[in-house]
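Read through the structure below, which is laid out as structure tokens, and then see the notes.
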Amino acid sequence: MVAAYQGNISLMDTLLERGARVHLTDVTGQTAFLIAMARVLQDREYAAGPFGEVYGRLAPSHFDVQVEGRLIRIDRQMGEYFPLVAMLALLPQLSSTLSSLPDLSKRKKGFSAPLLSSNAEVLPEQVLKEERRKRTYFNHVLARAEVESTYTPARKLWVRTGHGLYMLNPEMLVRVRNTHGEEVWKPVLETIH
């Protein structure tokens, strides 16, 4: 986790070669990948620098979620992947008074397109394709995947909590690994401690 956060690729490679388990979480429920992702949204230099290598080594190929009894696979190529990962990564900071996220009063209500697209323009192509780096693209993806959307298919991954603000759909289940390495379904808001 520390190696990923620091962008220390050689240390990451050594740990991975020796069997590091990337699904393990810290005390807040964050994996090494989510810890790195949270840093991307707050550190432009990290986003433009080592994160591409971190992403290549740690980013899951997909997330499996259940919404209203439907199994949905969100893979790296889908527009919802990056906002979903960003929300998961920033969730522990949402209510923390120690957070470095901007605008404390709005932050507690949800995530905005400007926040989720922070530093997107400097990310490598393997992380986020150039045409997906614009705030308008994030607005579109957020609107089409919200619970009240009429878009087909509306994946219902988040709910609108205010003007331009979104929160993960509390009814959504996410497939995660428990402390024994077994895959289990958990309500998304319970994945973060």
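What tally of residues in region 149-170 results from selecting those that are within 16 Å of Glu80 (Cβ to Cβ) and open to solvent by 20 Å² or more (accessible area, probe 1.4 Å)? Please lay out each step first, then the result.
Filtering region 149-170 down to residues within 16 Å of Glu80 (Cβ to Cβ) leaves 149, 151-160, 166-169.
With open to solvent by 20 Å² or more (accessible area, probe 1.4 Å) added as a condition, the list becomes 149, 151-153, 155-156, 159-160, 167.
Residues meeting the conditions: 9.
With a cut-off of at least 1 residues that are in contact with a Phe, Trp or Tyr (Cβ under 6 Å, 6 or more places away or on another chain) and either open to solvent by less than 40 Å² (accessible area, probe 1.4 Å) or without any contact (Cβ under 8 Å) to a residue 40 or more places away in the chain (or both), name the helices (runs of 4 or more DSSP H) lying wholly within region 25-97. Can you show your working first?
Values: elements: 32-40, 44-48, 51-58, 81-90.
Fully inside region 25-97 and qualifying: 32-40, 51-58, 81-90.
For Gly7, state whether it is open to solvent by less than 10 Å² (accessible area, probe 1.4 Å) and small (Gly, Ala, Ser).
Numbers: open to solvent by less than 10 Å² (accessible area, probe 1.4 Å): no; small (Gly, Ala, Ser): yes.
Here the answer is no, as Gly7 does not meet what is asked.
Here is the figure for region 10-21: residues that are open to solvent by 70 Å² or more (accessible area, probe 1.4 Å) and part of a loop (DSSP other than H, G, I, E, B) total 2.
Mind listing whichever residues of region 121-149 are without any contact (Cβ under 8 Å) to a residue 12 or more places away in the chain and either touching a Cys at 6+ places or on another chain (Cβ under 9 Å) or part of a loop (DSSP other than H, G, I, E, B) (or both)? Across region 121-149, the qualifying residues are Glu125, Lys129, Ser149.
Tell me the residue from Arg21, Arg57, Arg44 that is modelled with pLDDT under 95 and over 24 Å from Leu168 (Cα atoms), please.
Arg21
The values are calculated or read from the model by the stated rules, or taken from the named source; none is laboratory data. Because the structure is a prediction, the values reported are computed rather than measured. Backbone-built Cβ (ideal geometry, glycine too); neighbour counts: all protein chains shown. What goes into the accessible areas is simple: the full protein's heavy atoms, side chains included, and nothing from ligands, DNA or RNA. Shrake-Rupley method; radii C 1.70, N 1.55, O 1.52, S 1.80 Å.
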